[in-house]
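The values are calculated or read from the model by the stated rules, or taken from the named source; none is laboratory data. Predicted, not measured: the structure shown is a model, and the values here were computed from it. Heads up, the Cβs are rebuilt from the backbone with ideal geometry, glycines too, and the neighbour counts pull from every protein chain shown. For the accessible areas, the whole protein counts, side chains as well, though only heavy atoms, and no ligand, DNA or RNA atoms are used. Shrake-Rupley method; radii C 1.70, N 1.55, O 1.52, S 1.80 Å.
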Amino acid sequence: MTLQMEASIPAGKKSGLVIETARLVMRAPSARDLDGIVKLANNPKIAEMTATVPHPYTSKDAEAWLEKVRTGNGYSKVLFAKGEKRVLIGVAGFGHRGEEHNPEIGYWIGEPFWRQGFDTEAARALIDHAFSETGIDALSASCRIHNEASRRVIEKCGFQWVGTGLNQVKALGASVPVDRFVLSRRTWESVRAWGASALPTFTKAG
């Protein structure tokens, strides 16, 4: 898991796109998703690895998050695993956090769905969306120094390490050391040219 934020993107780029990958459907969050979000997010293992997820995580926290997504300049998606019945597995987004120059990608995946590659699949889809559907030049990512699983996802997505820093973690009430990474549009274009898999499907929500 990388650090979750209430993602923000440049004005005019907030859309109702549905992103579809081989195993995931990613769409804008709604009130009907909140019970599932609370069930997954109310987990100290998630909260301690993210920036803004408190613990305990209550219905009021989920409602406040949804309101920020709806009324701010945020860009966030809820993630559903495909199957006979679509199952909510987490949240992802990208946007400016604090004084970061580049939008930062962030996500969390519910513990029952760890170690199945959903985090990498969601991150790659968001990266493809960011560079193919907006005009941004680079994305940032960060993870706690001891979060090896998140580091692997970040590196598999092509991000380059640029240094260390401190990020505030709401659940801990403290700042923690993190590694910081950047992925430029140029690097992303090179990866696509080297024969990476096809772009995910982007469709307007009905």
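The residue that is most open to solvent (accessible area, probe 1.4 Å), among those in segment 160-186 that are outside any strand (DSSP E or B) and closer than 23 Å to residue 47 by Cβ, is 170.
Can we say residue 2 is modelled with pLDDT under 95, hydroxyl-bearing (Ser, Thr, Tyr) and within 14 Å of the chain's Cα centre (by Cα)? When the stated conditions are applied, residue 2 passes them. Any idea which residue in segment 166-190 is modelled with the lowest pLDDT, counting only those that are farther than 15 Å from residue 50 by Cα and out of contact with any Phe, Trp or Tyr (no Cβ under 6 Å at 6 or more places or on another chain)? Of everything passing the filter in segment 166-190, 190 is modelled with the lowest pLDDT.
Is there a residue in segment 138-150 that is basic (Lys, Arg) and outside any strand (DSSP E or B)? Taking every residue of segment 138-150 in turn, none turns out to be basic (Lys, Arg) and outside any strand (DSSP E or B). Each residue in segment 105-159 was checked for being open to solvent by less than 50 Å² (accessible area, probe 1.4 Å), charged (D, E, K, R) and touching a helix residue (DSSP H, G or I) at 6+ places or on another chain (Cβ under 9 Å), and 3 of them qualify. Quick check, is residue 189 in contact (Cβ under 8 Å) with a residue 24 or more places away in the chain and either within 24 Å of residue 41 (Cα to Cα) or assigned to a strand (DSSP E or B) (or both)? Against the criterion (in contact (Cβ under 8 Å) with a residue 24 or more places away in the chain and either within 24 Å of residue 41 (Cα to Cα) or assigned to a strand (DSSP E or B) (or both)), residue 189 does not qualify. If you go through segment 42-71 and pick out every residue that is of a type in the set (Gly, Ala, Ser) and in contact (Cβ under 8 Å) with a residue 60 or more places away in the chain, you end up with 2.
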